[in-house]
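The block underneath contains the structure these notes are about, expressed in structure tokens.
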Amino acid sequence: MVDTVTRWRPGLGGVMAALALMACLVGIQGCAATGGGSGESAATEVITPSDEPDARRRARIRLELAVNYFETGKVAVALDEVKQALVNDPTYADAYNLRGLIYMRLNDLGQAEESFRRALSIRSSDANVMHNYALLLCQQQKYAEADKYFVQVLNSPTYMARSKTFMAQGLCQARAGQSQQAEQTLLRAYELDAGNPVVGYNLAELLMRRGELTRAQFYIRRINNSDLANAESLWLGVKIERSLGDSVAMRQLADQLRKRFPESRELAAFERGAFNE
């Protein structure tokens, strides 16, 4: 499983890094466990060892290996395993889904799109694939089309990863400059998963940009008072406390930034007083 604590990359400026993380979290859960997708797709394709065709069994084993390689960052090896899975079973939707995620990681958006489309041609109502395809469309700045897919995913009654999709949709809306919609969507994600630092950070930054500093302070303080604080969240906290005129809180956050992240670009920005960059 991807580590959501050490790898989170917040911020409207870093939206696509967060979106890529979402693709990993939603897209490959359950692939190795069931031979189908997770959430809705797992319910529509349950294959037991007694009735699993030999070609699918060989493809599933290859896909399990591919998932493990992908999660440990061995992307090229993962892609080779996916290709072998599809040689064994060209109708394996989960393999096309993972292939799409791999090509997204490799920034080959054309191949990623072809992969997700192939997966949807096999399982047209698979919410996990639609989620990942929406991420790809957002990365291509096709925001309206991406939002349509996010809505379809969230309308699926059996889909379980709703907080992740609300988060991805909200980040995509923020990237599109739709701040009001993004706030409402991220608030839905926050209601479902208040401990997610990406959601809390982006809500705080969105509110700060709109001048709603007290609300922004609430969300960023929850992160900075936890073990999930990082250089970006501390720096955002510094800027919010400075704007609110709380010099004590600002200095405390700056001290943490200096002590814990002495080589960070955020500390460098603080030292030169670049509060409005």
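The values are calculated or read from the model by the stated rules, or taken from the named source; none is laboratory data. Just so we're clear, the structure is a prediction, and the values are computed from it rather than from any experiment. Here the Cβ is made from the backbone with ideal geometry for all residues, glycine too, and neighbour counts use every protein chain on show.
Points worth noting:
- All positions within region 234-277 that are more than 12 Å from MET208 (Cβ to Cβ) and of a type in the set (S, T, N, Q): SER247, GLN252, GLN256, SER264
- When region 123-142 is filtered for residues that are over 20 Å from SER163 (Cβ atoms), more than 16 Å from the chain's Cα centre (by Cα) and not polar (S, T, N, Q), the ones remaining, listed by number, are ARG123, LYS142.
- Looking across region 65-113 at every residue that is within 26 Å of PRO53 (Cα to Cα) and among the acidic types (Asp, Glu), the one that is farthest from the chain's Cα centre (by Cα) is identified as ASP89.
- Checking each residue in region 187-205 for being closer than 22 Å to ALA231 by Cα and out of contact with any Ser or Thr (no Cβ under 6 Å at 6 or more places or on another chain) picks out TYR190, ALA194, GLY195, ASN196, PRO197, VAL198, VAL199, GLY200, ASN202, LEU203, ALA204, GLU205.
- Test result for ARG99, part of a helix (DSSP H, G or I), buried (at least 20 other Cβ atoms within 10 Å of the Cβ), basic (Lys, Arg) and modelled with pLDDT of 95 or more: yes
- GLY37 being touching a Lys or Arg at 6+ places or on another chain (Cβ under 9 Å), more than 30 Å from TYR219 (Cα to Cα) and at pLDDT below 55: yes
- The combined condition, being at pLDDT 95 or above and over 23 Å from LEU135 (Cβ atoms), is not fulfilled by ALA112.
- Residue match in region 154-168 (condition: closer than 23 Å to LEU203 by Cβ, among the aromatic types (Phe, Trp, Tyr) and free of Cβ contacts under 8 Å to residues at least 60 places away in the same chain): yes
- Some residue of region 47-59 being at pLDDT 95 or above, surrounded by 21 or more Cβ atoms within 10 Å (Cβ to Cβ) and either more than 24 Å from SER156 (Cβ to Cβ) or in contact with a Pro (Cβ under 7 Å, 6 or more places away or on another chain) (or both): yes
- Test for PRO197: is it of a type outside the set (A, V, I, L, M) and at pLDDT 95 or above: no
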